[in-house]
Each structure stands twice: as C-alpha cells, then as structure tokens.
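Notes to accompany the following structure.
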Amino acid sequence: MPEGGPIDEDPPKFVKAKPENYTTQFKADEIRIFFNEYIKLDKPTQQIIISPPMDPKPNIMPLGTARKDIKIEITDTLEEYTTYTINFGKSIVDNNEGNPYNYFKYVFSTGDYIDSLAVSGIVRDAKLKAPSEAISIMLYEIDSAYTDSVVFKKTPRYVTYSQDSTYTFSLENLKEGTYQMLAILDKNDNYLYNPKNEKIGFVAQPVSIPTDSTYELTVFKEELEFNPKRPSQIKGHQILFGYEGTPLLDSLSINLLNSRPEGYSSRIVKVTDKDSLHYWFNIKPESDSLSFEIVTPTTRDTLLARVTDQARDSLKVTSDPSGVIGLTQDFKFKANTPLVDYSEEMIRIIDQDSVEVPFTAEFNPIQNEVILKFEKQPENKYNLTAFPGAIKDLFEATNDSLKVALRTKALSEYGSIALNLQNIKSFPVIVQLTDTKGVVKAEKYSEASSSFNFQYLNPGDFLVRIIYDTNENRKWDTGNFLKKIQPERIRYFSDTLNVRPNWDLNETISID
C-alpha cells in the first residue's frame, strides 16, 4: 500500500488579514485572518489573550471545525486612541498534523499610531520550584482614579501570559505611563483577582514605561481573614464548624451561649486536611436551637445551629504508625471521639530483648492525639501496650487493651544528605527537603550555621528548599497585596537530589 508521502511538519503560514495587521484608525467590527491551509484553534479560551481586554469578549471562529481563516466578531465598544493586541499563543494549528503557528498576534489601533513600548520579566511561585500553570501578568494604569482594590473589580489595561517552561513574559505595544504590575493565577480567566482560590504577585513600586528594567514577580496564596460558616450537626453530640482563613487554633474558642446543663463540657478538634472544626459536647442542652460565640484575638462571631437526638460515635483508638516506625518518628494514639485524658503509668513499651523502653508523652488536643516519644535503635522490635483505661474520652469511655507491634529498619536501608550552603544572604533560615510534589520530608532551622545534615532518609528524589525566616517565627509566611507585604523569600536548588540506600550524599549549594 502507498505510504501517503512524508508527514507534514510545517506550521500554517499567514497570508493576509482584513483589515491589515497593524491597522490604525480601526473602525471595523469584524476581522478576518487568512492562512495557506486549513487550520483550527486549540484551547482558544486558555491561549488567546486580548489586551486591553474587551467586555463582552469577541466571538472567535473556527470552533470545532477547520477553515482557512480566523473570524473575529467584535461586540465591544472599543476605546478611542487605544492600541489593541490579540495574541493567539499556541492556539493556531494546522488541521491534519496539529503543527502550531506559535505566538502570532494581530495588532490594531483606534488612534493615529500603534503604541510600541514593551516591558518584560520572569514570574515565580513562592512555594513551588516552578509555577504549575501559566500565570497572567497584568498592568493597571495608575491615574487619579486608581486604588489597589481595582484588581477585584476591573480588568487590567494590558495582560499577557508567562511562557511555558521559561516562565518569562513580555508585554508589548504599550503606551507611555505609570502602571501597577501584577501576576495572577487566573483560574476562571476573568482578569479579576479572587483571593479564595487564586494566587497573586506584585511589583512593590509603580512601573514607569518606557523602562530598561526587567521585573521578577512571585505569586503566592494569601491567607484569608477568618470567617466561620454556619455550623451543622453531623452526628450525636458533634457539630461541624467550617471556616475560611487561617485562624490561630490555640487561641480560638467556641462558647455555648445557651443555658448549660450541670456537668456540661465541650472540646474542639481540627478536621484533618480540611478548614473545619468538630465541636463536641457531652450533654445535650434542652434547647434544639443552640447559639454559639466564636472568638479569636481579632474577631467575634455569633452563629446558630439546630441539633436533634442522634446516635453518637463510640470510642475507637488507632495507632500511627503501625508496622515500621522511623528512627526519628514519634508514635501517636488517635481516636474518633475527643480525648481528654491519658495515663503514662498504663502504657508500656518493650523492645525485642524484653527491656522496658522509657518514653515521654504529650497531648495535642486540637489534633486529638497522644504523642509518645522514645529513643529507637535500628533493626529492633518494639511492643507497645496501652492497658484498659489508659486513654479516656469526653464521654468517660476508655480504651480496651491495645497492643501494637513496631519495628525499625537497618541503617543500610536509609541514605543521608549533608548540605553546605554558600552565599546565605541573612539568618535565620529554614532548610527543607521535599519530595518532587513539594511535600516536606525533613526540615532544619539555623540561626548561624550554613551546614545541615539530614539522616535516616528513605530512598527517593528530594528537592532542597531554603526559606529566609525574616520575622524569626520558624515558619514560612505568605504575603498580602493590599498591605504590600511580600512573601518570605524561598530559594530552590535547581537539581534533584537522589538518595540511595546506604549512601551518604555531600552537596555544596550556592544560593544566588
């Protein structure tokens, strides 16, 4: 059978446009752009950027079918004396092989000339080694009507996307002026900032164009103001309080405002991986409509919840981990009902030589866990026993006898990384090892030393993340656009470190 000839590897070619590209005194309501072969548009809503944005957006065809031209129907009233750019990104591809005609743009002006100024830079992600998606870079003209809140309400004057893999950007065909430059991970492509689910970055000082400067923007997720949601009963003696924001849970309280029965007691437990709290109470008040006051150091809210007689959960205690325990890992008792007390005297840890192992215990009420800390030896076995009554919950229930068998791995099954950091700009710093998805696996804090030794690492690939802890609170702090606070700086080592069993890796890293 004939093979059909060589595969087409050539992208489409631009033939002409009507009106012509770079037209001035533009007054048309339709644009036609012609190519030498049948084309289609790939992901046009994500790829095609119109700057300044038009509202409503123009109709752009073809959609779903192939043709030799692109038709743009303009339904917006265009601004006077304004240069418009329609950047097609990588959306134009030929119909048969999908060869892209990259970054074609159509430019026109409703005035007498085409604006020709430009500005460029690079965009980063505050917590990730690289942005996970294309970032929108926006310019807002700073005039007498400008306020920072404009990013929530109005579309920018100019907009473009960061480039794939390089994360660089270029805004072109700009007019002279002073602008606020922002970067937004625009989830819904509406050119507005939604703090609930989008990231933002900003240049602190106004950008004056023309300029020879290049700019770096770092996008970050803001912490929302604490905002509790209406609570709801999910089981007997258990009410769920959802919330937005990041409250200081140690200083948050939920107070029942109704008359309390004698002996009434309550507990708050954080729901794992969710912005929610479980409020537990031991005795149901007489009223079916309960009023609660939620208090933080900066807020006070009153919320209502309806409760009915429902069955509640019975105490079940689980262990974490089970089986293998790391040499530096703590053991935890967890429960499905709120714990209130424990007895160290009723807990025993015995090693494989039948020797009792000393331990210390502590209670984390918000996470609802009892934590046991003890020294572990490699290639050892440990039998942990919690005798009946060792753990008690809010309803006076106690555990049955619990027995957990644990073991540790041999040192030869672990690897280690010794890091020497050069050119640290300031102390203190937090040095983290993360997996390739950004999950922290190990962490060190230093106020002066530039050497870090990470031992007992499970084999795998690691990234090195360095955090400049500017406010010295031993954690990374995000930024705030309206308060003009940048996130604390994070730097990544460009290479991935591969940890192998029974192997010590020594690495010198220059932080530039």
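The values are calculated or read from the model by the stated rules, or taken from the named source; none is laboratory data. Here the structure is a predicted model, which means the values were calculated and not measured. Note that each Cβ is placed from the backbone with ideal geometry, even for glycine, and that neighbours are counted across all protein chains shown.
Quick check on the stretch 424-442. Is at least one of its residues outside any strand (DSSP E or B), without any contact (Cβ under 8 Å) to a residue 24 or more places away in the chain and among the aliphatic types (A, V, I, L, M)? Yes, the stretch 424-442 contains a residue that is outside any strand (DSSP E or B), without any contact (Cβ under 8 Å) to a residue 24 or more places away in the chain and among the aliphatic types (A, V, I, L, M). Within the stretch 486-495, the set of residues being surrounded by 13 or more Cβ atoms within 10 Å (Cβ to Cβ), assigned to a loop (DSSP other than H, G, I, E, B) and not hydrophobic (A, V, I, L, M, F, W, C) comprises Gln486, Pro487, Glu488, Arg489. Taking the stretch 324-357, which residues are in contact (Cβ under 8 Å) with a residue 40 or more places away in the chain, under 20 Å from Ser266 (Cα atoms) and of a type in the set (S, T, N, Q)? Result: Thr337, single match. Here the condition is being out of contact with any Leu (no Cβ under 9 Å at 6 or more places or on another chain) and either buried (at least 16 other Cβ atoms within 10 Å of the Cβ) or assigned to a loop (DSSP other than H, G, I, E, B) (or both); of Glu396, Glu379, it holds for Glu396 alone. In the condition set (1) in the same structural domain as Thr246 (by TED's automatic domain parsing); (2) over 33 Å from the mean Cα position of the chain (by Cα); (3) hydroxyl-bearing (Ser, Thr, Tyr), Tyr342 is compliant with all but (1).
Does Val431 satisfy the criteria of being surrounded by 19 or more Cβ atoms within 10 Å (Cβ to Cβ) and among the aliphatic types (A, V, I, L, M)? Yes; evaluated as a whole, the condition is true for this residue.
Scanning the stretch 102-115 for residues that are over 33 Å from the mean Cα position of the chain (by Cα), of a type outside the set (A, V, I, L, M, F, W, C) and part of a loop (DSSP other than H, G, I, E, B) returns Thr110, Gly111, Asp112, Tyr113, Asp115. From the list Thr299, Thr337, the lone residue that is outside the structural domain of Ser265 (by TED's automatic domain parsing) and either touching a Ser or Thr at 6+ places or on another chain (Cβ under 6 Å) or surrounded by 11 or more Cβ atoms within 10 Å (Cβ to Cβ) (or both) is Thr337.
Could you say whether any residue in the stretch 221-232 is among the hydrophobic types (A, V, I, L, M, F, W, C) and more than 19 Å from Pro156 (Cβ to Cβ)? For the stretch 221-232, residues among the hydrophobic types (A, V, I, L, M, F, W, C) and more than 19 Å from Pro156 (Cβ to Cβ): present.
Among the residues of the stretch 272-293, those that are surrounded by fewer than 13 Cβ atoms within 10 Å (Cβ to Cβ) and part of a loop (DSSP other than H, G, I, E, B) comprise Thr272, Asp273, Lys274, Glu286, Ser287, Asp288. Answer yes if at least one residue in the stretch 443-454 is surrounded by 18 or more Cβ atoms within 10 Å (Cβ to Cβ) and either over 30 Å from Thr246 (Cβ atoms) or touching a residue at least 60 places away in the same chain (Cβ under 8 Å) (or both), and no otherwise. No, the conditions are met nowhere in the stretch 443-454. Take the conditions (1) in contact (Cβ under 8 Å) with a residue 24 or more places away in the chain; (2) of a type in the set (Lys, Arg); (3) farther than 28 Å from Lys403 by Cα; Arg312 misses just one of them, which is (3).
Strands (runs of 3 or more DSSP E) fully within the stretch 1-60 that include at least 1 residues being without any contact (Cβ under 8 Å) to a residue 24 or more places away in the chain and within 15 Å of Thr75 (Cβ to Cβ): none found. If you go through the stretch 475-485 and pick out every residue that is in a loop (DSSP other than H, G, I, E, B) and surrounded by fewer than 18 Cβ atoms within 10 Å (Cβ to Cβ), you end up with 6. Screening Gly5 against (1) over 22 Å from Gly89 (Cα atoms); (2) at pLDDT 90 or above; (3) of a type outside the set (Val, Ile, Thr) leaves a single unmet condition, (2).
With respect to (1) surrounded by fewer than 15 Cβ atoms within 10 Å (Cβ to Cβ); (2) more than 14 Å from Ser232 (Cβ to Cβ); (3) of a type in the set (D, E, K, R), the lone exception for Asp313 is condition (1). Residues in the stretch 176-191 that are buried (at least 18 other Cβ atoms within 10 Å of the Cβ) and out of contact with any Pro (no Cβ under 8 Å at 6 or more places or on another chain) were compared, and the one that is farthest from Glu133 (Cα to Cα) is Met181.
Taking the stretch 317-332, which residues are part of a loop (DSSP other than H, G, I, E, B) and either surrounded by 13 or more Cβ atoms within 10 Å (Cβ to Cβ) or of a type in the set (Phe, Trp, Tyr) (or both)?
Pro321, Ile325, Gly326, Leu327, Gln329, Asp330, listed by residue number.
Scanning the stretch 68-108 for residues being charged (D, E, K, R) and within 19 Å of Asn21 (Cβ to Cβ) gives a total of 6. The single condition among (1) without any contact (Cβ under 8 Å) to a residue 12 or more places away in the chain; (2) not in a loop (DSSP other than H, G, I, E, B) that Val219 does not meet is (1).
The single condition among (1) more than 26 Å from Glu262 (Cα to Cα); (2) over 30 Å from the mean Cα position of the chain (by Cα); (3) of a type in the set (Val, Ile, Thr) that Ile325 does not meet is (2).
Residues are listed down the side, and each one gets a yes or a no for (1) under 17 Å from the mean Cα position of the chain (by Cα); (2) within 21 Å of Arg500 (Cβ to Cβ):
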position	(1), (2)
Thr434	yes, yes
Gly438	yes, no
Glu443	no, no
Ala448	no, no
Ser451	no, no
Gln455	no, yes
Asn458	no, yes
Ile466	no, no
Asn471	no, no
